[in-house]
Amino acid sequence: AAAGGTSLGRARVARRLAGAGPERRRREAAASPLPLQLFHRMFQTLYNYFWWDRLWLPVNLTWSDLEDQDGRVYAKASDLYIIIPLAFLFLIIRHLFEIYVATPLAGLLNVKEKIRLKATPNPVLEKFYASSTKHPKQGDVEMLSKKSGCLVRQVERWFRRRRNQDRPSLLKKFREACWRFTFYLIAFIAGMAVIVDKPWFYDLKEVWKGYPIQTTLPSQYWYYMIELSFYWSLLFSIASDVKRKDFKEQIIHHVATIILISFSWFANYIRAGTLIMALHDSSDYLLESAKMFNYAGWKNTCNNIFIVFAAIFIVTRLVILPFWIMHCTVVYPLDLYPPFFGYYFFNFMMVVLQSLHIFWAYLIIRMAHKFITGKVVEDERSDREETDNTEEEEMTKNGPLSNGHPVLNNNHRKTD
């Protein structure tokens, strides 16, 4: 009331009264931080924590120590921006390669498709197949038999043939193996060219000499970018590629590899990274070539290449990697600096990869055992073609069919 006794006081009261309504609330909302500003602040906070020096670099070192200076060039996280465009470029190159190189090569090697018997159109069975499961239990089969008006045996045969229809064709498998063989072979040759003349290729202690103040070479840059882009392209195409029994393990492998390569780049673990990538590429191209000859029906060639692959895989992944490379990344750095988060993170991802190698080595040994005992060597990760072993097989002019192929006379063996 006293304030209202003067013109100044009356003006203040008028402003309070005018601002007490919706207009005041709008002004307060306008003055407060916008959701976008809050998101930006939150993102900036997380960004600062993620790139905290103590997480990724040894004690007493900061990111400023890895800035380009005095003619020395260091790896930077911003270099990885090129990866995604390169990954899509790889997908385009792969598509063209499969059409103009892999497909004609498949024709030259006489890669032939099996004739698959198609499942008769049946809306009831198709709906169950698409919405429930591709492998119905016995109770489901009996229920579907009543709904569809088919015999139980006919329902079982329908599901076998329907599953076979969804399996990838032999040509698709060949083209995929051909693409990977080509990349892994070129990558291995390029990787060896990058590291064979370096001192740390012969003396692993040289890997950490002067770390992390180590200049990045152009050859190392392109080796990293191409390898990382390729694994991103594999991750992008994994849904459309041939799905094998180790599908989940493949996803884990691709993700772990991408994380490991990316981290080793911006933390300047490049010398160790080049050794690890070249080590992995040393056997992968042999496996893909064995698959190609297997799809082409060259069983003896496939088996011989597989034995070489198995030996190199076991030596490189189960001996050299854990007892040389991992020893280099776990033990030698401790002579230079105390362990930090980046050190633990890098070696943890190495353990993840090594676990996958042990899993795949188990499958390889199983396949090698089949080869030694005279059984047919095939990819343990692949789903096998299902056959119709019933008395009611379709008859053709060539006689009874099993999955579209004439049944062989029991007195003869088919030779490849």
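The values are calculated or read from the model by the stated rules, or taken from the named source; none is laboratory data. All of these numbers come straight from a predicted model, not from anything done at the bench. As a convention, Cβ positions derive from the backbone with ideal geometry for all residues, glycine included, and neighbour counts pool all protein chains shown. These area figures cover heavy atoms from the full protein model, side chains too; ligands, DNA and RNA do not enter into them. Shrake-Rupley method; radii C 1.70, N 1.55, O 1.52, S 1.80 Å.
Descriptive notes on the structure:
- Phe43, Phe201, ranked by accessible area, largest first (probe 1.4 Å): Phe43, Phe201
- Percent carbon-and-sulfur accessible area, segment 162-308, ignoring ligands, DNA and RNA, probe 1.4 Å: 66 percent
- Amide H contacts of Thr216: Val73, Tyr74, Ala75, each under 5 Å away and 5 or more positions distant or on a separate chain (H built 1.01 Å from N in the peptide plane; Pro and chain starts excluded).
- Alpha-carbon centroid distance for the pair segment 293-365 / segment 211-238, whole angstrom: 19 Å
- Each peptide in 47-54, 269-276 gets a packing score, the mean of other Cβ atoms within 10 Å over its residues, and the list from highest to lowest is 269-276, 47-54.
- Short-range pairs are left out: with C-alpha atoms under 8 Å and at least six residues apart, the relative contact order of segment 59-170 is 26 percent.
- Local electrostatic count, Trp208, Cβ distance below 13 Å [Lys/Arg +1, Asp/Glu -1]: 0
- Converting phi to 3J(HN,Hα) with the Karplus coefficients 6.51, -1.76 and 1.60 and the offset θ = phi - 60°, segment 154-161 yields 5, 5, 4, 5, 4, 5, 4, 5 Hz in sequence order, with x at every glycine or proline.
- Spacing of the modelled spin labels on Lys114 and Lys146, each 7 Å from Cα toward Cβ, amounts to 3.4 nm.
- Each of Asp284, Asp197 has its accessible area taken with a 1.4 Å probe; listed largest first, they run Asp197, Asp284.
- Highest to lowest packing among 248-257, 167-176, scored as the average C-beta count within 10 Å: 167-176, 248-257
- 3J(HN,Hα) couplings calculated from phi for segment 314-327 with the Karplus curve 6.51 cos²θ - 1.76 cosθ + 1.60 (θ = phi - 60°) are, in sequence order, 5, 5, 6, 8, 10, 10, 5, 4, x, 9, 10, 5, 5, 4 Hz; Gly and Pro show x.
- Ignoring lysines fewer than eight residues from Lys173 along the same chain, the ones with Cα atoms less than 25 angstrom from its Cα are Lys112, Lys114, Lys118, Lys134, Lys243, Lys245, Lys248, Lys291, Lys299, Lys370, Lys375, Lys414.
- Converting phi to 3J(HN,Hα) with the Karplus coefficients 6.51, -1.76 and 1.60 and the offset θ = phi - 60°, segment 83-100 yields 5, 4, x, 5, 4, 5, 4, 4, 4, 5, 4, 4, 4, 5, 4, 5, 6, 9 Hz in sequence order, with x at every glycine or proline.
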